[in-house]
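Here the structure comes first, spelled out in structure tokens, and everything after it is commentary.
The values are calculated or read from the model by the stated rules, or taken from the named source; none is laboratory data. Just so it is clear, the model here is predicted, and its values are computed rather than measured. Here the Cβ is made from the backbone with ideal geometry for all residues, glycine too, and neighbour counts use every protein chain on show.
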Amino acid sequence: MKPGNTRGRKGFRRHFARVVIADAPYVAMFALAVTVAIAAAIYSDSAALSRETAKARKDTERTLAVVTAKFMQEMHEHALVAQAMAAAISRNPLLSQAEYEKLAKRVIRGDEDDILNVALAEKNVITHVFPYERNAKALGADLTLVHAQLPGLNLAKRTRMLTASGPFNLVQGGRGLIMRAPVLVTEADAQKEKYWGTVSVVVDLDKMVELEGISEAAVGYDIALRKIDRAGQPGQMVFGPKRVFDSNPERTPLRFPYGAFELAAIPAGGWPVAATGEEATWTKIGAVFAAFSLLLYFVRHLSFQRDLARRRLLQAINSIRDGFIMYDENDRLILCNERYREMFGFDERLTAPGRHRKELVADALQRGVFPEARGREDEWFQKKTLAAEEQQPHSEHKMANGRWVRFADTRTVDGCLVGLRSDVTELKEATIRAEEANRTKSEFLSTVSHELRTPITSIMGGLGLVLSGKLGDVPASFQSLLKIAHDNCNRLVQLVSEILDLQKIESGRLDFNCDAEAPVDLVSQAIEANRSYAARLNVTYELRVPDDFDARILVDRFRFQQIMDNLLSNAAKFSNPGGTVIVSVGMTGKNVRVSVRDFGRGIAPSDADKLFEPFSQVDSSDTREKGGTGLGLAICKRLVEGMSGTISFESAPGEGAEFFVEFPCLASGSDDDSARADQGLKEEGAGRNPEDGKIAAVA
């Protein structure tokens, strides 16, 4: 044998031994589980078979009870026929054949189709039969010559009681059961009854079983009947196969004055020998074998994958640029990466698994890593702990080395604390520069706006004096140019004012002096202020207010007027000449709603999202045709929201637009008088028409 082969075989055996030792627990678990599964399957089959057998016996017992009741009823009826015939003949034994048939018809009543014949035998010789036509050949037969019937004849003569014999091969053909009743007569010169003969009722057993519902009741079962002798031993089979009694059947004893019988039944296919679904059970066992084989493979595979995933996780955590740390539900360290140690100057001893979070924080605070925590270390730590527990957004802290670090801590579902530490120094410096630039921009806009408004106001004032004629007549050729200059100065003043307002709002320096105000009064004043502007555009305003409306809202009067001025001027600007702008004040739920409705061109759905953005208008043609800075609605939205209100609109192209502003209602008064039957509408500048209740337009 070559040395190389020997070493190879030894190496294989060592590897095989390691595999066997490693897999031994899995193999043992697999074998135990399979053994339990097989035992459970066998027990399940046995229990299921017992249940099915018990159910089959219960069903057979119920069926046998029904069959027994029907059979006993038939036997009693046939016995009554024999006894009734014997009693009638005892009183008149010398009746003719015709009288005998009449008597039999009256007793049988025509509903006993399973009775083959009713024969009268005087001294054991048949003298009368019924029905006569099919039993005439039996007349004159001496029953004592029929050996099989002698025991029954002698028993009836000796006991003078009803007897049942059979089954017999009858003279008429077929097999039947014979019910015999002795005929006893009393002679005139004697006080004692003497045996005269017998009445025999021959019953067709097969027809009785079929006609009386016995076979129908026993569908799905094998039924058998046998006689029981006086010693209680099984006797002759009456009907049914003998194997029924050999198959552990359900039995019922039948005892009559004239004899004893035993009725038995079994299912047609025999008793259950295997549980239903036994094959499926063993199929499941096979599936268990396969499942556990796969389980063993996957357990080993998952164990390998778990170790591999852990190694990869550690590699991934150590490769990221941010610091990563994770604590368990008790704030004990699970793991952290190298970047975390570098950021805060921790050594491997302090960041070993199991260290408490407080130990790491205490070390960092002691070394002065966080300048902001100096002198208030406990307060700073408690604040950071509370932020992590409440899942607060990240926070940023400046370290002693001048770097900015963003802290992001969160609790997992199982209570672990995961922390991410990101160096955001560059981002922080860029943000500071951006904020400084924004402050510079705001100061520049404020300065420029103030510097522009003063000379523009002076220019507009001078142009106004010239246009008014107070400085002398102005040639007609100059008036249009002066008016254009005056209007443009006015637009510049408006633009400067709106830019200043927007700058104040965005910088948070706009103050609101809110007070409880009556919205109807504020809206009426706004309509008055804008009526002349609307009149130049040939547009009228119509104010609609419920008669019992007297709610109040908490707003800044000046800013509310500014909002209404913008909405009213826009509605007039975009209305068709000769149109009407409807202004409504009322309640919607718990809020006061003020709506401004025009019937102009409307707003396209594509322009809805940008309508409240600064310097945005529905399209450039409006800018040229209607004028405006595109700041009005943006300022309105910010003013409304600054006073705890909401603003929205509804519009469809070609149908106009309706803008809503809503503010929480402060109070709702009530009239001292009773409510009016028909609720009117308040209107600005005109009363209600008493004839038709409509609103008169206001110029």
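Might you let me know whether the range 81-99 holds any residue that is touching a strand residue (DSSP E or B) at 6+ places or on another chain (Cβ under 6 Å), in a helix (DSSP H, G or I), over 28 Å from Phe245 (Cβ atoms) and free of Cβ contacts under 8 Å to residues at least 60 places away in the same chain? Let's see the steps before the verdict.
Restricting attention to the range 81-99, the residues satisfying the condition of being touching a strand residue (DSSP E or B) at 6+ places or on another chain (Cβ under 6 Å) are 81-83, 85-86, 89-90, 93, 97.
Next, from what is left, pick out any that are in a helix (DSSP H, G or I): 81-83, 85-86, 89-90, 97.
Imposing the further condition that a residue be over 28 Å from Phe245 (Cβ atoms) reduces the set to 81-83, 85-86, 89-90, 97.
When the remaining residues are screened for being free of Cβ contacts under 8 Å to residues at least 60 places away in the same chain, the result is 97.
Yes, the conditions are met somewhere in the range 81-99.
Just to be sure before I move on: is Leu205 at pLDDT 80 or above and not β-branched (Val, Ile, Thr) in the structure I sent? Steps first, please.
Working: at pLDDT 80 or above: no; not β-branched (Val, Ile, Thr): yes.
No, not satisfied.
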message = Given the criterion at pLDDT below 80 and either of a type in the set (Gly, Ala, Ser) or touching a Pro at 6+ places or on another chain (Cβ under 8 Å) (or both), identify the matching residue among Ala373, Ala388.
response = Ala388
task = Could you tell me whether Ala309 is outside the structural domain of Arg175 (by TED's automatic domain parsing), out of contact with any strand residue (DSSP E or B) (no Cβ under 9 Å at 6 or more places or on another chain) and not in a helix (DSSP H, G or I)?
result = no
message = As an exercise: evaluate Asp363 against (1) touching a helix residue (DSSP H, G or I) at 6+ places or on another chain (Cβ under 9 Å); (2) under 17 Å from Met326 (Cα atoms); (3) charged (D, E, K, R); (4) touching a residue at least 12 places away in the same chain (Cβ under 8 Å) and give the number of the one condition it does not meet.
response = (2)
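Please pick out the residue among Ser595, Ser584, Ser569, Ser606 that is among the small types (Gly, Ala, Ser), in the same structural domain as Cys636 (by TED's automatic domain parsing) and more than 48 Å from the chain's Cα centre (by Cα).
Details: Ser595 fails: more than 48 Å from the chain's Cα centre (by Cα); Ser584 fails: more than 48 Å from the chain's Cα centre (by Cα); Ser606 fails: more than 48 Å from the chain's Cα centre (by Cα).
Selected residue: Ser569, the only one of Ser595, Ser584, Ser569, Ser606 that is among the small types (Gly, Ala, Ser), in the same structural domain as Cys636 (by TED's automatic domain parsing) and more than 48 Å from the chain's Cα centre (by Cα).
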key: Qualifying positions in the range 100-123 - of a type in the set (D, E, K, R) and either assigned to a strand (DSSP E or B) or surrounded by 17 or more Cβ atoms within 10 Å (Cβ to Cβ) (or both)   = Glu101, Glu112, Asp114, Glu122
